[in-house]
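Just so you know, all these numbers are worked out from the coordinates, no wet-lab data involved. Note that this is a predicted model, so its numbers are computed, not measured. Cβ placement follows ideal geometry from the backbone for every residue including glycine, while neighbour counts extend to all protein chains displayed.
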Amino acid sequence: MVFWIAILVGGAFVWLGVRMGFYQSWCLLFNIVVSIYLAIFLAPLVADRVPTGGEASAYGVMLSLAALAGGCFALLCGVSYVFLTGQFRVPFPKAMDILAAGLLGFLSGFLVTSFVALVVVVGPLAQHKVLRTLGFDLPSQKANLACMAWCCDVIHSVVRSEPADQATHRAIDRLLDRSLPAGAASGRSMRGSELRHQASPKVCDTPPKGISPLPGAKTRRDWKKHRYGRETLRAPG
């Protein structure tokens, strides 16, 4: 559901991109991507340094993401207006001002919606039934997170001297791990151990009747193999 909401918001941003033109649409997309990138990578540091207690601690990562992204976006928009869009008007062909600007506007709207969904997921609001019905949970946002991570990885490849594949994916995983309470994290690990235990073959503790205990036999098939194969084992006495 979140994916289709992002598509609808992106469609609305197409109209905005065509109205703004290619030059301003490109500046808008750049500011959005950089703001999301900084928020994802710096939110854990800010959440650790801001003193919170009680129920407010559960909203630490969520508020850090929103504050960093909003502050960085406002700052970048101000800088770009003072030095770029407010000073220069760069003419482009009509096709670029319509088609390319519309595409950039769509991507901007899609990224904004995906980031808002991520902010909701890392906070306690994602536990509400209405939001979960709308798809504000992690399994419903694979496409949104993949698109957002790819755009942020482009920025990361420029600002980082050495390559780091899927750095944004790992940063998002850290955010999600911090947002989970201790009980949920332990419960998730317990469920994983239970699944591994269920997937493991069952050990035959009691041999079939008339066969002596055979070391190393794990399943009933092993007992049948030795019973009807070359070796026939019988109970002592």
(request) Tabulate in residue order the Karplus-calculated ³J(HN,Hα) for region 110-126, using 6.51 cos²θ - 1.76 cosθ + 1.60 with θ = phi - 60°, rounded to whole Hz; enter x for Gly and Pro. (result) 5, 5, 4, 5, 5, 5, 4, 5, 5, 4, 5, 5, 7, x, x, 4, 5
(request) Let me know the charge dipole size of region 2-184 about its Cα centre in debye, to the nearest 20, where only the beta-carbon of Lys, Arg (+1) and Asp, Glu (-1) is charged. (result) 320 debye
(message) For a quick check of your reading of the filter: which trypsin sites (Lys or Arg not before Pro) in region 36-116 sit in a DSSP loop and have no more than 14 other Cβ atoms within 10 Å?
(response) 89
(request) Using only Cα atoms, locate the centre of region 1-54 and the centre of region 126-140, then give the distance between them in Å, rounded to an integer. (result) 20 Å
(message) Whole-Hz ³J(HN,Hα) for each residue in region 83-96, computed from phi via Karplus 6.51 cos²θ - 1.76 cosθ + 1.60 with θ = phi - 60°, x for glycine and proline: what do you get?
(response) 9, 10, 5, x, 10, 10, 10, 9, x, 10, x, 4, 5, 6
(message) Run through region 43-152 and list the chymotrypsin sites (Phe, Trp or Tyr not before Pro) located in a DSSP loop whose Cβ has at most 12 other Cβ atoms within 10 Å.
(response) 88
(message) Using the Cα atoms of region 1-135, I'd like the radius of gyration and the largest Cα-Cα distance, Dmax, both in angstrom.
(response) 17.1, 56
(request) Could you line up 62, 1, 148, 20 from fewest to most neighbouring Cβ atoms inside 10 Å? (result) 1, 20, 62, 148
(request) Please arrange 142, 129 by counting, for each residue, the other beta carbons lying within 10 Å of its beta carbon, fewest first. (result) 129, 142
